[in-house]
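**Student:** Attaching a single structure in C-alpha cells format; questions to follow.
Derivation of every value follows stated rules applied to the coordinates shown; laboratory data play no part. Everything numeric in this text was worked out from a predicted model, so none of it was measured. Cβ coordinates were reconstructed from backbone atoms using ideal geometry, including for glycine residues, and neighbour counts include every protein chain displayed.
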Amino acid sequence: MTDSPVNVAAQQRMTPDDYAVTTIAGDFAERGPLAFESFLSGYYAESIRIIHDAHLTDCTAGHGDPCATCEAIRAGLTGIHAEQRATDPKAAS
C-alpha cells in the first residue's frame, strides 16, 4: 500500500489561522454562549453552501454512481435545514 502525497500548499490554505480563530471566538464568547453558537452555526452553514456550489461543477460521478463528497454535503445540508426547522416554525411549511 502506498501513501498518497500530501499537497502541502492545500494543507496550509486549509489550516485555520490561530490568531483569527482566537480573536473571533473571544469576541463572540464575550457576548454570551448563544451569540457564539449562532456564529458557529452560520459559519458552518456558509461553509457547506460554498463547498456545495464548488462541487456542483467539480463532481465527476455520473447519475447513480456513488460520491462521498455529495453524500457529505447532503448530510451537512440536512443538518442545516433541520436546525432551521427546529428554530423557525415557519420553515417547516
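**Student:** Under a point spin-label approximation (7 Å from Cα along Cα-to-Cβ), what is the Val21-Ser38 distance to one decimal in nm?
**Tutor:** Taking the two extended label points, one gets 2.4 nm.
**Student:** Tell me, what ³J(HN,Hα) does each residue in the range 64-78 have, in order and in whole Hz, if you take phi through Karplus 6.51 cos²θ - 1.76 cosθ + 1.60 with θ = phi - 60° and put x for Gly and Pro?
**Tutor:** Once rounded to whole Hz, the list reads x, 7, x, 9, 5, 5, 4, 5, 5, 5, 4, 5, x, 5, 4.
**Student:** Gain in length, Leu77 to Ala29, computed as 0.36 nm per residue apart minus the alpha-carbon separation, to one decimal in nm? Before the final figure, lay out each step's value.
**Tutor:** Values: separation 48, 0.36 × 48 = 17.28 nm, distance 2.59 nm.
14.7 nm is the gain from fully extending Leu77 to Ala29.
**Student:** Can you give the local net charge around Cys59? Use residues other than it whose beta-carbon is closer than 14 angstrom to its beta-carbon, Lys and Arg +1, Asp and Glu -1. Intermediate results must be reported in sequence, preceding the final value.
**Tutor:** Values: positive: Arg74; negative: Asp53, Asp58, Asp65, Glu71.
Charge balance near Cys59 sits at -3.
**Student:** Say each of Cys70 and Thr87 gets a label point 7 Å from the Cα, pointing the same way as Cα to Cβ; how far apart are those two points in nm?
**Tutor:** 3.0
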